[in-house]
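Asks: First the structure, then my questions, so here it is.
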Amino acid sequence: MQQTKLDRALQRRFVQRTQVFCNTLPYHIPHGVQVDETNEESGSRYLYRLTAPNDAALNELTAHLEVANITYTARIKDGGGLSAKLFNNPNKSFTMRVAWVIFTIVILSIMFSGLPLRIWNDLTADAEYTVEPPKKIKTKP
């Protein structure tokens, strides 16, 4: 099923994390950016991994790196957990699944509320009162 714009926005916000790799740290690191040292097992040629929580922090971080003339590379990594299971399924749209669940709940609540039965009784009750037996006409002999 095709992903909607809302699906992609939810995926960007809750699942994907942007990691910036560099060899030298800038003078100022924005609030919320997590700094880790990379290990030799990752096979990376960079020493530091900076993980930005949102786009604003990422833009500020890359601006500081460019001003300091530090070489960097950015990679997007998918996170894990419940949000990844909900929002990161390429075969199913999260918003369409929610829409179907809401539609099913509305239909079931209407059915179990007794509304169709009341409507049917109102429609059939009106039909019974409108039909009257024919009157006999008295004629003189």
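Read-outs: derived from the displayed coordinates by stated rules, not from any lab. Note that the structure is predicted; figures quoted are calculated from it, not measured. Quick reminder, even Gly has a Cβ in these numbers, built from the backbone with ideal geometry, and neighbours come from all protein chains shown.
Asks: To test your reading of the geometry: what angle, between 0 and 90 degrees and rounded to tens, separates the Cα axis of helix 94-113 from the longest principal axis of the chain?
Replies: The angle comes out at about 30 degrees.
Asks: A further question follows. If you consider only alpha-carbon coordinates, what radius of gyration and Dmax does the chain have, in Å?
Replies: Just the Cα atoms of the chain yield Rg and Dmax of 32.8, 122 Å.
Asks: Order the peptides 55-64, 111-120 from the highest to the lowest mean number of other Cβ atoms within 10 Å of their residues.
Replies: Most protected by this proxy first, the peptides run 55-64, 111-120.
Asks: Within straight cross-link reach of Lys135, meaning Cα distance under 21 Å, which lysines are found once same-chain residues fewer than 8 apart are removed?
Replies: Within reach: none.
Asks: Let me ask another. Helix 5-14: angle to the longest alpha-carbon principal axis of the chain, degrees 0 to 90, nearest 10?
Replies: In the chain, helix 5-14 runs at an angle near 50 degrees to the longest axis.
Asks: Run the reach check for Lys77 against lysines, Cα to Cα strictly under 17 Å, same-chain hits fewer than 8 apart removed. What comes back?
Replies: Once the sequence-local lysines are set aside, what remains near Lys77 is Lys85.
Asks: Could you state the angle between the C-alpha long axis of helix 55-67 and the longest principal axis of the C-alpha atoms of the chain, as a value from 0 to 90 degrees rounded to the nearest 10?
Replies: Taking the Cα atoms of the chain, the angle to 55-67 is about 20 degrees.
Asks: Another one. Which shape class, rounded, prolate or oblate, goes with segment 5-87 when its Cα gyration tensor gives a ≥ b ≥ c as root eigenvalues, a/c under 1.5 marks rounded, and past that a/b bigger than b/c marks prolate?
Replies: It comes out oblate by the Cα gyration axes.
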